[in-house]
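As structure tokens, the structure follows; a few thoughts come after it.
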Amino acid sequence: MSKITHQINRGLAHEIVKQIDNFLFDCDGVLWHGAQVIPGTAEAVQKLKKLGKRIFYLTNNSSKTRAQIVEKCHKLGFPAELDNIVGTAHASALYLKTMGFSGKVYMVGNASMAAEMDNLGIKYTGLGPDHVPDDYEKLDDIVKFQSDWKPDPEVNCVLVGFDPHHSYMKMMKAATYAKNRNNLFLATNEDPFLPTKLDICIPGTGSIVSSIKIPTRREPHVIGKPETAFFDLLHEVHGLEAGSTLMVGDSLNTDIHMAVNCDIKSVLVLTGADGLQQVEERQHSDDPVKRKVVPDYYIDSFGHFGQLIGDLPEVQCSK
């Protein structure tokens, strides 16, 4: 039987606030579009905070540190501290630190990922441009150039995130390290593209990850949504429990799928990636997995949710 998705009205919004202590928010498409706040969302999150709710921001965007996300939240009017932010740049470094990782990471990534590695004292290499020389136009030339390169014996992990400098040379080096199954192979996320209102397609981190997965015939351990690592981290550090937690997102493939994987309730807002048509298609799909990955609730925007709970008294809710 297909899962039923309920539209949130005032009574249901009040019931959600009564039952839920922890609100997890995706950011872009849910709270803001780029540098523009989605109307009413900041006020809605502020209201939840005044009701005694715990707020967390979850993002697969590895190109920002936690500090940068906090700065953006404050600029746009959202309450936030470092402990409220769960991003793939920090979570990847923390994952390695928590497991007692020693050695060096070959990182297909960006400056924010490097900063989070530095913050936790993890060694890495690979940051920045690494291109095949311009005069090497033939495959034989590239193979010869690569054969002169000596792998770093300290490297025992490959981490792939968003890298604007990704290149054929980086693919070869990352694949060389990752094909050794004694080495860790991690990915921040596998989002296929970046959300944009423009009439262009911006390949996401998943496109870069695939360039390493395919030659190595190996699947990475994924840190970000829709996998469970984010919620596992929140459970361990902040004591979050599934029954009192709600995920608010705009993507069925990442936000809602993570909620299903973690057995937590979810709300789809219609201000981002997916809409009711995609929900309906999944509800009628022949694929039992797709039929499961639908939200419990939906609402046109989270700003509207704030309006529905505006009359609730701003007192600490009982736990």
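The values are calculated or read from the model by the stated rules, or taken from the named source; none is laboratory data. Since the structure is predicted, the reported quantities are computational estimates derived from the model, not experimental observations. All Cβ positions, even for glycine, are placed from backbone atoms using ideal geometry, and neighbour counts span all protein chains on display. Remember, those area values only see protein heavy atoms, side chains included, never the ligands or the DNA or RNA. Shrake-Rupley method; radii C 1.70, N 1.55, O 1.52, S 1.80 Å.
Counting only heavy atoms of protein chains, what accessible area per residue, in Å², does the chain have with a probe of 1.4 Å?
Working: 15500 Å² over 319 residues.
So the chain comes to 49 Å² accessible per residue, rounded to a whole number.
Could you compute the FRET efficiency for I214 and M99, with r as their C-beta to C-beta distance and R0 at 25 Å, rounded to 0.05? Don't skip to the end; give the middle numbers.
Details: r = 26 Å, r/R0 = 1.06.
Step by step, r from the Cβ atoms, then E = 0.40.
Roughly how many percent of the accessible protein surface of the chain is carbon and sulfur, given a 1.4 Å probe and a whole-percent answer? Don't jump to the answer; show the numbers that get you there.
Details: 7950 of 15500 Å².
Carbon and sulfur: 51 percent of the exposed surface of the chain.
Quick check: from the Cα gyration tensor, does segment 1-56 come out rounded (a/c under 1.5), prolate or oblate? Before the final figure, lay out the partial values.
On the way: a/c = 1.92, a/b = 1.26, b/c = 1.52.
Oblate, since a/c reaches 1.5 and b/c is not below a/b.
Suppose every K and R has +1 on its Cβ and every D and E has -1 on its Cβ; what is the size of the dipole of segment 1-108 about the Cα centre, in Debye to the nearest 20? Spell out each step's value before the answer.
Values: 14 positive and 8 negative charges, 22 e Å.
In total the dipole reaches around 100 debye.
Among the listed pairs K3/K213; K150/K179; K64/K97; K213/K292, which are separated by more than 22 Å between their Cα atoms? Present the calculation step by step, with values, prior to reporting the outcome.
On the way: K3/K213 33 Å; K150/K179 15 Å; K64/K97 19 Å; K213/K292 27 Å.
In this structure, K3/K213; K213/K292 exceed 22 Å between Cα atoms.
Could you calculate the FRET efficiency of R10 with L120 from 1/(1 + (r/R0)^6), where r is the beta carbon distance between them and R0 is 51 Å, rounded to 0.05?
Working: r = 45 Å, r/R0 = 0.88.
That gives a FRET efficiency of 0.70.
Expressed as a rounded percentage, what relative contact order does segment 177-319 have, with Cα pairs under 8 Å and six or more residues apart? Each step should come with its number before you reach the end.
Working: 189 pairs, mean separation 22.5, N = 143.
Contact order relative to length: 16 percent.
Shape call for segment 214-307 from the C-alpha gyration tensor, a ≥ b ≥ c root eigenvalues: rounded (a/c under 1.5), prolate (a/b greater than b/c) or oblate?
On the way: a/c = 1.89, a/b = 1.14, b/c = 1.67.
Oblate, since a/c reaches 1.5 and b/c is not below a/b.
Taking a spot 7 Å from the Cα of I142 along the direction of its beta carbon, which residues of segment 186-210 have an amide N less than 17 Å from it?
The answer is 208-210.
With θ set to phi - 60° and the Karplus curve 6.51 cos²θ - 1.76 cosθ + 1.60, what are the ³J(HN,Hα) couplings of segment 53-63 in order, to the nearest whole Hz, using x for Gly and Pro?
7, 8, 10, 9, 10, 10, 9, 7, 6, 8, 8
For M169, what accessible area in Å² do you get when you roll a 1.4 Å probe over the heavy atoms of the protein chains, rounding to the nearest 10?
Accessible surface of M169 is approximately 0 Å².
Search the structure for amide H atoms under 5 Å from the amide H of H221, placed 1.01 Å from N in the peptide plane, and list their residues when 5 or more places away or on another chain.
Result for H221 returns F185, L186, A187.
Sum -39500 (n - 2.57) across every DSSP H segment of at least 4 residues in the chain, then divide by the residue count to get the 222 nm mean residue ellipticity, nearest 500.
Working: 13 runs with 119 residues, N = 319.
So the calculated ellipticity at 222 nm is -10500 deg cm²/dmol.
What are the ³J(HN,Hα) values, in whole Hz, obtained from phi via the Karplus relation 6.51 cos²θ - 1.76 cosθ + 1.60 with θ = phi - 60°, for each residue of segment 291-308 in sequence order, with x given for Gly and Pro?
My calculation for segment 291-308 gives 5, 6, 8, 10, x, 6, 9, 9, 8, 5, 7, 6, x, 5, 4, x, 5, 5 Hz in order.
Residue-wise, which Karplus ³J(HN,Hα) couplings in Hz belong to segment 36-43, taking 6.51 cos²θ - 1.76 cosθ + 1.60, θ = phi - 60°, and x for glycine or proline?
Rounded to whole hertz, the list is 10, 5, 6, x, x, 6, 4, 5.
Does the chain classify as rounded, prolate or oblate by the C-alpha gyration tensor (a ≥ b ≥ c root eigenvalues; a/c under 1.5 gives rounded; else a/b over b/c gives prolate, otherwise oblate)?
Details: a/c = 2.16, a/b = 1.85, b/c = 1.17.
Since a/c reaches 1.5 and a/b is larger than b/c, the shape of the chain is classed as prolate.
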